[in-house]
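Inspection log for the structure reproduced underneath, given as structure tokens.
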Amino acid sequence: MPTNSIKIFAGNSHIEFARLVAKKLGLELAKCVVLKYSNQETSVTIGESVRDEDVFIIQSGCNEINDNLMELLIMINACKTASARRITAVIPCFPYARADKKDKSRAPITAKLVANMLTVAGANHVITMDLHASQIQGFFNIPVDNLYAEPCTLKYIRDTIEDYQNCIIVSPDAGGAKRATAIADKLDVDFALIHKERKRANEVSRMVLVGDVKGRICVLVDDMADTCGTLGLAAKTLLENGATSVYAIVTHGVLSGKAITVINDSVLTKVVVTNTIPHEEKKLLCPKIDTIDVAATFAEAIRRTHNGESVSWLFERAPE
């Protein structure tokens, strides 16, 4: 057993989530003041000793992404210079995860830059969830635990969707086919795929369905919902092909731009997102949004990391 204790710090990006994680572990959040000066510089004051402690800093990549990332880097560095034994960055939604490859001339690979910055700041370990591309783990020279929302998603489908044995799992693009087939296999149901042709980023022009959805409940699964244009169009395509109803289950509900209007106007029955990104205000504007709580998964990952136990147990199971 480790001789030191867990200290959980929270940045300003998603303090409610950090409280939920700390509560599951029976702990209070460690004292820390993070604020902005009038010239927009970030100030961090660690309010208690972290010498030789196991520090976990929870900060999600959402809202003011650049400010939140800078906050995280400064907090990591403050704990490093205060002699923490190990510093783990707990990043439920990894920032810049979509900038993971050089898809056109002179395009930056920003996810790699973020990995370098976290390492240089002093992080010894990273815990995140459903990376947009799993090769991002290879951008780091430190251990990265990429947790999966899949066990919680399966639990939600079994508990909430009536007659889920008659549903069909649909991937809204070819890139998410692996994720969708994994869920379909575990539920022992069929799988379909939508091929989308984009004119430019965030705009989908045409959708082609591969598979038979007639008379079935469709469950769209994806890792991220940003402007929700893809989900709205996919749901319309599925209904036109004879689906009875369409649910969307997404890990990271970014829900930016016109997302709320798109969901409200769409034929989607429900859009289910995890709480890796705060969306309470958006929930008030959109009754179709439902939440899966993944705080228990992160709390268990933190406990196992601290005790030196295997984290892969979480890949198949959703802790209570």
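I'd like the full set of residues that are open to solvent by 10 Å² or more (accessible area, probe 1.4 Å) and either β-branched (Val, Ile, Thr) or more than 18 Å from residue 156 (Cα to Cα) (or both), limited to region 217-227.
To start, the set of residues in region 217-227 that are open to solvent by 10 Å² or more (accessible area, probe 1.4 Å) comprises 217, 222, 224, 226-227.
Selection gives 217, 226, 227.
Residue check, residue 115 against (1) touching a Lys or Arg at 6+ places or on another chain (Cβ under 7 Å); (2) under 19 Å from residue 55 (Cα atoms), all met but one. Which one?
(1)
Which condition from (1) in a helix (DSSP H, G or I); (2) among the small types (Gly, Ala, Ser); (3) open to solvent by 20 Å² or more (accessible area, probe 1.4 Å) is the one that residue 49 breaks?
Of everything listed in (1) in a helix (DSSP H, G or I); (2) among the small types (Gly, Ala, Ser); (3) open to solvent by 20 Å² or more (accessible area, probe 1.4 Å), residue 49 misses just condition (1).
Within region 135-149, identify whether any single residue is of a type in the set (Gly, Ala, Ser) and either out of contact with any strand residue (DSSP E or B) (no Cβ under 9 Å at 6 or more places or on another chain) or surrounded by fewer than 22 Cβ atoms within 10 Å (Cβ to Cβ) (or both), and answer yes or no. Lay out the reasoning, then the answer.
So in region 135-149, the residues of a type in the set (Gly, Ala, Ser) come out as 138, 149.
Filter once more, so that each one left must be either out of contact with any strand residue (DSSP E or B) (no Cβ under 9 Å at 6 or more places or on another chain) or surrounded by fewer than 22 Cβ atoms within 10 Å (Cβ to Cβ) (or both): 138.
Yes: region 135-149 contains one or more residues that are of a type in the set (Gly, Ala, Ser) and either out of contact with any strand residue (DSSP E or B) (no Cβ under 9 Å at 6 or more places or on another chain) or surrounded by fewer than 22 Cβ atoms within 10 Å (Cβ to Cβ) (or both).
Kindly indicate whether residue 234 is in contact with a Cys (Cβ under 7 Å, 6 or more places away or on another chain) and at pLDDT below 95. Talk me through it step by step, then tell me what you get.
On the way: in contact with a Cys (Cβ under 7 Å, 6 or more places away or on another chain): no; at pLDDT below 95: yes.
Considered against the rule, which asks whether it is in contact with a Cys (Cβ under 7 Å, 6 or more places away or on another chain) and at pLDDT below 95, residue 234 comes out as no.
Among all residue pairs at least 6 apart or on different chains, which show Cβ distances below 7 Å where the first residue, located in region 13-25, is buried (at least 22 other Cβ atoms within 10 Å of the Cβ) and the second is at pLDDT below 95 and assigned to a helix (DSSP H, G or I)?
Correct list of pairs: empty, since none qualify.
What do you reckon, is residue 250 within 30 Å of residue 55 (Cα to Cα), open to solvent by less than 10 Å² (accessible area, probe 1.4 Å) and outside any loop (DSSP other than H, G, I, E, B)? Lay out the reasoning, then the answer.
Values: within 30 Å of residue 55 (Cα to Cα): yes; open to solvent by less than 10 Å² (accessible area, probe 1.4 Å): yes; outside any loop (DSSP other than H, G, I, E, B): yes.
In short, yes.
Counting just the residues of region 276-320 that are of a type in the set (S, T, N, Q) and open to solvent by 20 Å² or more (accessible area, probe 1.4 Å), which one comes out nearest to residue 53 (Cα to Cα)?
Residues of region 276-320 of a type in the set (S, T, N, Q): 276, 291, 297, 305, 307, 310, 312.
In the following step, the residues that additionally are open to solvent by 20 Å² or more (accessible area, probe 1.4 Å) were identified as 291, 307, 310, 312.
Details: 291: 33, 307: 13, 310: 20, 312: 24 Å.
Here the answer is 307.
Does region 66-77 include one or more residues that are outside the structural domain of residue 226 (by the TED database), out of contact with any Cys (no Cβ under 7 Å at 6 or more places or on another chain) and not in a helix (DSSP H, G or I)?
no
When residues of region 158-179 are filtered for being of a type in the set (Asp, Glu) and either at pLDDT 95 or above or part of a helix (DSSP H, G or I) (or both), how many remain? Break it down into steps so the answer makes sense when it comes.
To start, the set of residues in region 158-179 that are of a type in the set (Asp, Glu) comprises 159, 162-163, 173.
Checking which are either at pLDDT 95 or above or part of a helix (DSSP H, G or I) (or both) leaves us with 159.
Number satisfying all stated conditions: 1.
Considering only region 78-100, state which residues are open to solvent by 60 Å² or more (accessible area, probe 1.4 Å) and in a helix (DSSP H, G or I). Break it down into steps so the answer makes sense when it comes.
At the first step, the residues of region 78-100 found to be open to solvent by 60 Å² or more (accessible area, probe 1.4 Å) are 80-81, 85-86, 96, 98.
Once the filter is applied, which keeps residues that are open to solvent by 60 Å² or more (accessible area, probe 1.4 Å) and in a helix (DSSP H, G or I), region 78-100 yields 80, 81.
All but one of (1) modelled with pLDDT of 95 or more; (2) farther than 17 Å from residue 314 by Cα hold for residue 100; which doesn't?
Unmet for residue 100, out of (1) modelled with pLDDT of 95 or more; (2) farther than 17 Å from residue 314 by Cα: (1).
The values are calculated or read from the model by the stated rules, or taken from the named source; none is laboratory data. All values reported here derive from a predicted model rather than from experimental measurement. FYI the Cβ positions are ideal-geometry reconstructions off the backbone, even for glycines, and counts take in every protein chain you see. Just the protein is used for accessible areas: all its heavy atoms, side chains included, with ligands, DNA and RNA removed. Shrake-Rupley method; radii C 1.70, N 1.55, O 1.52, S 1.80 Å.
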